[in-house]
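The block underneath contains the structure these notes are about, expressed in structure tokens.
Nothing in this text is a laboratory measurement; each read-out follows from the coordinates by a stated rule. All values reported here derive from a predicted model rather than from experimental measurement. Every residue, glycine among them, receives a Cβ derived from its backbone with ideal geometry; neighbour counts consider all protein chains shown.
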Amino acid sequence: MKKLSWYYKLFIFKLRRKINLDNLILNKKKSLNEVFNYFGTDKGINVKNPYSKFSKKQIGHGFGKFYEKYFYKFKNDNFNFLEIGIWKGASLASFYFYFKKAFIYGIDRNFKNNYSSKRLEFIYCNTTSVSDLIDLKKKLRKKKFKIIIDDGSHLLNDIISNLKFFFKLLDKGGYYVIEDFNHPKYFNYLNDSNNKELLVDVIIENLKKKKFFKSKILSLKDQKYLFRNIKKINLHKGSMVTLKQNISDILFIEKV
Ligand SMILES: C[S@@+](CC[C@H](N)C(=O)[O-])C[C@H]1O[C@@H](n2cnc3c(N)ncnc32)[C@H](O)[C@@H]1O
């Protein structure tokens, strides 16, 4: 049962004017990074920090080249795309322009999305809430996705739980992407597992070797499902350096 304040936020969100992407004409942008920069997602390079009104710092992971490497082939395909964690919708808007015919879904536990389109749907969902996930499944009506990106909380438990729930919603031959998957390694406050879960890079090594590992979230059955359904996993380093280390990590898991 949602609180009254939630319905109030939903009401205000519905009233708020959005930018209709169907009416927006973009100059021919050369690369996906440039589109990311245009909309201001930190997937790009040298964008104004989208999470702080006051920071003058330019940030950016430079993930565009990796997305192009794996997804250029889907540019003109008709498929469903889903991003977990959309903030104000800058990345959704970017992918809307990159994938000319895809239907773009975005989910978030906040009502900050600024964009609308006939080809875009924002769905409220807090991925840590079982009832929200049940509602989400009902709304999606057995839809499958060619691409699912987890750019949510970056908390270790959430990254693993999202993989468990959302990987099953991928089409055959689809891709599951996890951005900033090493954040729980770099930032202690994001490692919320109390040593009950392995870090994501270690889990990935086990998945690659099809070796069972300890986890409270991924049961043996879940692990078997992943072993059977993962074709390939590729890891890449982006370009954001903080506290003298590169903290931009992205991985692409291809489904069988
Ligand atoms: C890094 S931001 C997303 C940035 C966006 N993908 C972009 O590139 O512009 C992370 C988002 O995840 C959302 N988030 C965090 N925890 C979540 C959860 N449990 N369920 C759904 N969304 C969550 C936050 O509200 C925030 O909007």
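Things to note:
- Among all positions in segment 139-151, there is no residue which is part of a helix (DSSP H, G or I) and more than 16 Å from the ligand (Cβ to nearest atom).
- Qualifying residue in segment 98-121 (condition: farther than 19 Å from V177 by Cα, more than 9 Å from the ligand (Cβ to nearest atom), among the aromatic types (F, W, Y) and surrounded by fewer than 23 Cβ atoms within 10 Å (Cβ to Cβ)): yes
- Residue within segment 44-67 that is of a type outside the set (K, R) and near the ligand (Cβ under 8 Å from one of its atoms) present: yes
- Of all residues in segment 1-27 being loosely packed, with under 10 Cβ neighbours inside 10 Å and of a type in the set (S, T, N, Q), the one that is farthest from F122 (Cα to Cα): N27
- Sole residue being acidic (D, E) and touching a Ser or Thr at 6+ places or on another chain (Cβ under 7 Å), chosen from D158, D150, D135, D108: D158
- The criterion of being surrounded by fewer than 16 Cβ atoms within 10 Å (Cβ to Cβ), hydroxyl-bearing (S, T, Y) and away from the ligand (no atom under 15 Å from the Cβ) holds for Y72.
- Looking across segment 122-138 at every residue that is assigned to a strand (DSSP E or B) and surrounded by 17 or more Cβ atoms within 10 Å (Cβ to Cβ), the one that is nearest to the ligand (Cβ to nearest atom) is identified as Y124.
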